[in-house]
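S.K.: This structure is in structure tokens; I'll ask about it shortly.
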Amino acid sequence: MCGFTGFLDRKHSLNSEEARPILEAMNRKILHRGPDDEGLWIDASQGIALAHRRLSILDLSAAGHQPMISQSQRYVLVFNGEIYNHLEIRRDIEQHGPAPIHHLADQASSVKPQVGDRWRGHSDTETLLAAIEAFGVGEALSRSRGMFAFALWDRHDRLLYLARDRMGEKPLYYGWQGDSLLFGSELKALEAHPDFRAEIDRNALSELLRLGYIPGPGSIYSHIHKLPPGTFLAIGIHRPEARPVSYWSAADAALRGQMTPFSGDETEAVARLDSLLRDAVASQMVADVPLGAFLSGGIDSSLVTALMQAQSNSPIQTFSIGFEEEEYNEAPFAKAVAQHLGTHHTEWVLGADAALAVIPDLPTLYDEPFADVSQIPTHLVSRLASQSVKVALTGDGGDELFGGYNRHFWTMRLWNRMRFVPQGLRRQVAHVLTLVPPHLWDSTFRALGFLLPEGLRYRSPGDKLHKLSRMLGASRPEDIYFDLIAQTKDQNRLVTGSHPQSNALTDPSSWPALREIEHRIMYLDSITYLPDDILTKLDRAAMGVSLEGRVPLLDHRIVEFAWQLPLNLKIREGRGKHVLRQVLSRYVPETLTERPKMGFGVPIDRWLREPLKDWSETLIQPERLKNEGFFHPKRVQHLWKQHLSGRKNHASTLWSILMFQSWLESRR
């Protein structure tokens, strides 16, 4: 787990002495991603500069130093992540025969041929370089199982390869700025290059307000892109407009799985998934440094923890965060699971002050404007874990693969109940429901709680009712899903100069032809919300404290198997993750994990009205918004006043605005 950055100079306008301080400045911006080592490599004759920050996890010796040069001297690599099956790939390479040697007339004088044995050390970076020489870039990627992003310079063909793992666990930004192609693990590294132009993409800002994150392949900056998961890009001075090429596709995996379903019964499916999960967890427990697990006490994190403990000879280390606010506190559930499994457990129960103290650091930590409020506890649990370990496994991904979100089973349930009622009548009912403020609905629900469905008895039922009322005007089930994931439908009215955009969420022609709406929703979540929210949140929160986060549920073999399973093994009787629950029951009693889904949140709606009120008003002061020119001041003030009064809960939309404003201020 590391970070990298670099640039390709189209005009070869810099010599090595001029390029070095630029590259050093870019690399300093990502020091937190790799405090253990750094390396620079510059070939001014080819216009390429590569920099690397190392967080040593495998092969702590100098043999793992990057940038790393291949045995043939043809390739130079900077790599971020882990390839969990790299020892298997090494065996394949040894059977394949010696790597070809390319004689380069333009070798840099600083590059010396490698001598001695084939392998200098046991790092997966060296394995990847050898695989590229033996099989080519595309085949090497297809053989690699893990989380990664890398930049590879081909000195023979003068091409830069950028690549990213299948599910998007590791980040990679790139884009032309003038005559320089800039790339790196985080935007802040690109910003340090003198050619960088900080032009805000207003449509991306609008998407931030709608979703709470900026969906790929865009970024907050115009002309800077996120490389899509499962792709690689070969770009060069003579190929400046190259497009990403897919080596693995979530759409293909979904279609293939549905067309060739698992042929066994439920018992066999549970056994097969258990086996795949055990193997994935075991492979991700390989490290030359201490490791542990995040444990919330929910289905996914409990399962990963149980499989770790089942394959460990000593108690593993587990970490959880709790809050003094009871309805947000999962710490007791995590502690109960930890005691059952016999882990060495550490918990941190926070007051509001500790959580609020993190907020000034969020713009720098998350690099790009990001407004999933669970960013706060995710960073805090990462900070807690980093005091004891350098690697932490998490349960992320289970919801997207196995139908764990309420929207996965509420969408069709709502549609089946409303579709026979005239749309106009439904809209009138929605209007009446929203006339009553959320806090009054909350009081009513508390009084009648025993009569209500479990989903409405839980946290902030009035807010849920207001959100559900938006869906009453739906004309198709997908509209309900879009309303469920949207923080606001007025984003283009709030952001000046923004326009609706077509993307993976809104373009049905790009969706695979999956029969069930539930599967279509799970697919859309897996290509948008998962990489651009969940995995972004984990990467920045963990790397901000130099901690490596690993996600065994996203092993692509598990992803592909999940798509082979029928819907009734995922969603059953109004609950998701059925098959995961069956696997978990082999290790942990159901009584310890069965409860309503809480999420990993904080009471941001109340905080905005109380301890964060002054901070918020400073950032959204009307004159300030007018001068900056990104938001319509009157419309933002209208939301703010409604929220303060308690008549409406606009916390999600306001938090997105505040996170952008805070990020913008940090860039000055």
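The values are calculated or read from the model by the stated rules, or taken from the named source; none is laboratory data. This structure is a prediction, so every number in the text was calculated from the model and none was measured. As a convention, Cβ positions derive from the backbone with ideal geometry for all residues, glycine included, and neighbour counts pool all protein chains shown.
S.K.: Helices (runs of 4 or more DSSP H) wholly in the range 91-193 with at least 1 residues that are in the same structural domain as residue 74 (by TED's automatic domain parsing), farther than 29 Å from residue 219 by Cα and at pLDDT 95 or above - which ones?
M.R.: 124-135, 137-143
S.K.: While we're on this one: Name, by its number, the condition in (1) at pLDDT 95 or above; (2) surrounded by fewer than 21 Cβ atoms within 10 Å (Cβ to Cβ); (3) farther than 25 Å from residue 549 by Cα; (4) acidic (Asp, Glu) that does not hold for residue 207.
M.R.: Looking at each condition in turn, residue 207 falls short on (2).
S.K.: Working carefully through the options 474, 513, find the one that is buried (at least 20 other Cβ atoms within 10 Å of the Cβ) and among the small types (Gly, Ala, Ser).
M.R.: It is 474.
S.K.: Is it true that residue 557 is within 30 Å of residue 230 (Cα to Cα), in contact (Cβ under 8 Å) with a residue 24 or more places away in the chain, crowded, with 17+ Cβ neighbours inside 10 Å and of a type in the set (Lys, Arg)?
M.R.: Considered against the rule, which asks whether it is within 30 Å of residue 230 (Cα to Cα), in contact (Cβ under 8 Å) with a residue 24 or more places away in the chain, crowded, with 17+ Cβ neighbours inside 10 Å and of a type in the set (Lys, Arg), residue 557 comes out as no.
S.K.: Under 8 Å between Cβ atoms, at least 6 apart or on separate chains: pull out the pairs that start in the range 486-504 with a residue that is free of Cβ contacts under 8 Å to residues at least 24 places away in the same chain and not assigned by TED's automatic domain parsing to the domain that holds residue 632 and end on any residue that is buried (at least 19 other Cβ atoms within 10 Å of the Cβ) and part of a loop (DSSP other than H, G, I, E, B).
M.R.: Partner pairs satisfying both residue conditions: none exist.
S.K.: Which condition number does residue 260 fail, the rest of (1) within 18 Å of residue 152 (Cβ to Cβ); (2) in contact (Cβ under 8 Å) with a residue 60 or more places away in the chain; (3) hydroxyl-bearing (Ser, Thr, Tyr) being met?
M.R.: Here residue 260 clears every test but (1).
S.K.: Inside the range 347-387, can you point out the residues that are aromatic (Phe, Trp, Tyr) and part of a loop (DSSP other than H, G, I, E, B)?
M.R.: 370 - this is the single residue of the range 347-387 that is aromatic (Phe, Trp, Tyr) and part of a loop (DSSP other than H, G, I, E, B).
S.K.: Taking strands (runs of 3 or more DSSP E) that do not extend beyond the range 1-84, which have at least 1 residues that are under 22 Å from the mean Cα position of the chain (by Cα) and closer than 16 Å to residue 183 by Cβ? Lay out the reasoning, then the answer.
M.R.: Details: elements: 2-9, 37-43, 48-54, 75-83.
Of the strands (runs of 3 or more DSSP E) lying wholly inside the range 1-84, those with at least 1 residues that are under 22 Å from the mean Cα position of the chain (by Cα) and closer than 16 Å to residue 183 by Cβ span 2-9, 48-54, 75-83.
S.K.: Within the range 286-315, how many residues turn out to be more than 19 Å from residue 589 (Cα to Cα), buried (at least 21 other Cβ atoms within 10 Å of the Cβ) and more than 22 Å from the chain's Cα centre (by Cα)?
M.R.: The number of residues fulfilling the criteria is 0.
S.K.: When the residues of the range 516-532 are narrowed to those that are buried (at least 21 other Cβ atoms within 10 Å of the Cβ) and β-branched (Val, Ile, Thr), which ends up nearest to the chain's Cα centre (by Cα)?
M.R.: Looking at residues that are buried (at least 21 other Cβ atoms within 10 Å of the Cβ) and β-branched (Val, Ile, Thr), I get 527.
S.K.: Going through 318, 346 one at a time, which residue ends up being over 19 Å from residue 535 (Cα atoms) and within 23 Å of the chain's Cα centre (by Cα)?
M.R.: 318
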